Amino acid sequence: MTTNSRPTNQKDRNKPAFISWWNHVNTAMSFSLRRLWFNPISTWITLAAIAIALSLPTGLHLFLKNLQTLTDDQRQIPTVSLFLHEGVTEQQAQDRADLISELDGVTKVIVQNSEVAFAHMSELMGGKETLESLGKQNIFPHVLVVTPDLSLSDERHIPIQELIKTLKSYPEVKSAQSDIEWVVKLRAIIMIATRIVWVFGSLLGLTVLLVVGNTIRLDIENRKEEIDVTRFIGGTRAYIRRPFIFGGLWYGLFGGIISLVVVHTSLLFLIPPVDKLAKLYSSHFTLSGLDFTTTFYILIISCSLGVLGAWVAVSRHLRKQEVIL
Amino acid sequence: MIQFQNVSKQYPTGQLALYNINLALTTGEMAFLTGHSGAGKSTLLKLIAMLERPNQGEIIVNGQSINRIKQRQIPNFRRHIGMIFQNHHLLMDRSVFENIALPLRISGLHHRDIRRRVQASLDKVSLLNKQKANPMMLSAGEQQRVGIARAVVNKPTIILADEPTGNLDPELAEDIMRTFQQFNELGATVLIASHDHSLIERMKKRIIVLQKIIH
């Protein structure tokens, strides 16, 4: 079966139990791999079913994760802009900003100087002269851009409304404009979608379990005689079970890897149009793939499902009867 | 070595296969088990290999009462017994070598030792040149010899054979019996169930006759 030679060192010679266990595992691993390799059609069908079942929840998870980064604090999207009265000096604006930043539920306050805003506007309009020719001097007030701490507002919507009310009540503030509303709504939607991903994930995880279980069950049916022969020449249950368990492990592992490839390929397919859309909103947003930890978890989950499915199938068979020869 | 004391076996279907059997085989003995079909020859061999459990009586194998062997000790117990069937139960999806290697793999041997012992075993049944062949490509006699090689590769102390020459022409049958004799001369206790009277009489060994149970 195995043709690679592995020298046994002196220390290992003293541990025959370990050696024989290791030889068993070695045989079971290579044997189960070869069975997959030499039954390519059934192997690929099973792997495809597992990969599809796994890539749906993985893809949804990735979609949600990207949607969440849209509302991340560091992207500065959920902000309240406070337009100050015209007479307010830069120093007063700065003082007010310092006070606001100490409030509960405020992460950050940025002062947008009216001069800077004017310069920016002029640039957009095609030069300072254009604006000045309209007979206007700087019409922009100072603006405070307040970034609230949205973690407070996830479940309860009210504190944010109260914060805005407080901010509006300051004498320097002429008006307030917020883009928080849609972020809060988006978060609520994401929360529902997360639950949906969980439901889908559980159902499709169960699908993987059933697919592997059924594949292994069919494999057992095909190898009934081999199992009986193994039993009557002294094979233990563990020995009989092992190659099937490894079979389940390979299905889980390879199915998981294929599903990751599927998800990342779809992602590559989506990146250009999303970047284009982001550009239209002058955002630096770009789709991100799965990080190492998530990849690792997905593989762990798929391997566990494979092993569990195989275990259930083979244990059911072994319980049934001893030898039928 | 093998001892039956008042052993009876009734199958769940109600069929009484063996009734009140008393029997003793000493270590290194070779004996034939004969009787009409349905007399319980196969059942008797299966009881020794613990493929069946008796309803009554005690069976002692290698000084150990097998009634007291627990379910999970059976695999280890069976490794000391080599069993051969009329339908040799070879695995057709792998080579002759792999079929014979199976008991050694179960024992967890290193593949170097497996190679050596499989080849030694094949040599004893004169099939060394067929180790890479598929059992399906072999003649009936050769298949049976592969079955024997698999049964003896683990150096069992007891060899049980159930109609090993059932499908073979007389010459091949005698050849197979001589092979068993060789293993017996090497020290194994051999018990062969057969209904080929002329053949077993020529072997000049002890013959145990099972009478058919009259209901």
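The values are calculated or read from the model by the stated rules, or taken from the named source; none is laboratory data. Here the structure is a predicted model, which is why all the values come from computation and not from measurement. Every residue, glycine as well, gets a Cβ built from its backbone with ideal geometry; the counts of neighbours run over all protein chains shown. Accessible surface areas use protein heavy atoms only, side chains included; no ligands, DNA or RNA. Shrake-Rupley method; radii C 1.70, N 1.55, O 1.52, S 1.80 Å.
Label-to-label distance for A:Ser202 and A:Ser42 is 3.3 nm, based on points extended 7 Å past Cα in the beta-carbon direction. Our coupling estimate for the stretch A:114-123, obtained by passing each phi through the Karplus curve with A = 6.51, B = -1.76, C = 1.60 and θ = phi - 60°, is 4, 4, 4, 4, 5, 4, 4, 5, 4, 4 Hz, Gly and Pro reported as x.
When the accessible areas of B alone and A alone are added and the area of the pair subtracted, with a 1.4 Å probe, the result is around 2400 Å², both sides summed. Our analysis of the stretch B:143-215 gives Rg over Rh at 0.98, with the two radii drawn from alpha carbon positions and Rh computed by the Kirkwood formula. What residue among B:Leu45, B:Ala193, B:Asn62 has its Cα farthest toward the positive end of the dipole of chain B, where the charges are +1 on Lys, Arg and -1 on Asp, Glu, each on the Cβ? Towards the positive end, the residue furthest out is B:Asn62. Only the Cβ atoms of Lys and Arg (+1) and of Asp and Glu (-1) were treated as charged; on that basis the dipole of the protein assembly as shown about its Cα centre amounts to roughly 3260 debye.
Shown for the stretch A:180-320 is the translational diffusion coefficient from the Stokes-Einstein equation, using the Kirkwood radius over Cα pairs, a temperature of 25 °C and a viscosity of 0.890 mPa s: 135 µm²/s. Eigenvalues of the alpha-carbon gyration tensor of the protein assembly as shown, scaled by 5 and square-rooted, set the equivalent ellipsoid semi-axes at 83, 23, 18 angstrom, largest first. Counting charges near B:Thr43 (Lys, Arg +1; Asp, Glu -1) among other residues having Cβ under 12 Å from its Cβ returns a value of +2. With bins 5 Å wide beginning at 0, the percent of Cα pairs of the stretch A:248-292 falling in each bin runs 5, 20, 19, 17, 13, 9, 7, 5, 3, 1. For the stretch B:95-206, a Kirkwood radius taken over Cα pairs fed into Stokes-Einstein (37 °C, viscosity 0.692 mPa s) yields D = 227 µm²/s. Taken one residue at a time, the phi angles of the stretch B:10-15 give Karplus couplings (6.51, -1.76, 1.60, θ = phi - 60°) of 10, 7, x, 6, x, 5 Hz. Gly and Pro are set to x. Antiparallel beta bridges, as assigned by DSSP with both residues in chain B, represent about 40 percent of the total such bridges. In this view, the solvent-accessible surface of B:Lys124, computed with a 1.4 Å probe and all protein chains in place, comes to about 90 Å².
One quarter of the surface of the convex hull around the alpha-carbon atoms of the stretch B:27-124 equals 8.5 nm², the direction-averaged projected area. The share of Cα pairs per 10 Å bin across chain B, counted from zero up to the longest distance, runs 8, 34, 36, 19, 3, 0 percent.
When the Gaussian network model of chain B links Cα atoms closer than 10 Å, the mean-square fluctuations of B:Thr189, B:Thr13, B:Thr43 top out at B:Thr13. Phi angles across the stretch A:301-318 convert, under the Karplus curve 6.51 cos²θ - 1.76 cosθ + 1.60 with θ = phi - 60°, into 3J(HN,Hα) values of 5, 5, 5, 5, 4, x, 5, 4, x, 5, 4, 4, 4, 6, 5, 4, 5, 5 Hz, Gly and Pro given as x. List, in the order given, every pair from A:Lys224/B:Lys130; B:Lys46/B:Lys70; B:Lys41/B:Lys205; B:Lys70/B:Lys124; B:Lys41/B:Lys204 whose Cα-Cα distance in the structure shown is over 23 Å. With Cα atoms farther than 23 Å apart: A:Lys224/B:Lys130; B:Lys70/B:Lys124. Between B:Ala149, B:Ala133, B:Ala31, the Gaussian network model of chain B with springs among Cα atoms under 10 angstrom shows the greatest mean-square fluctuation at B:Ala133.
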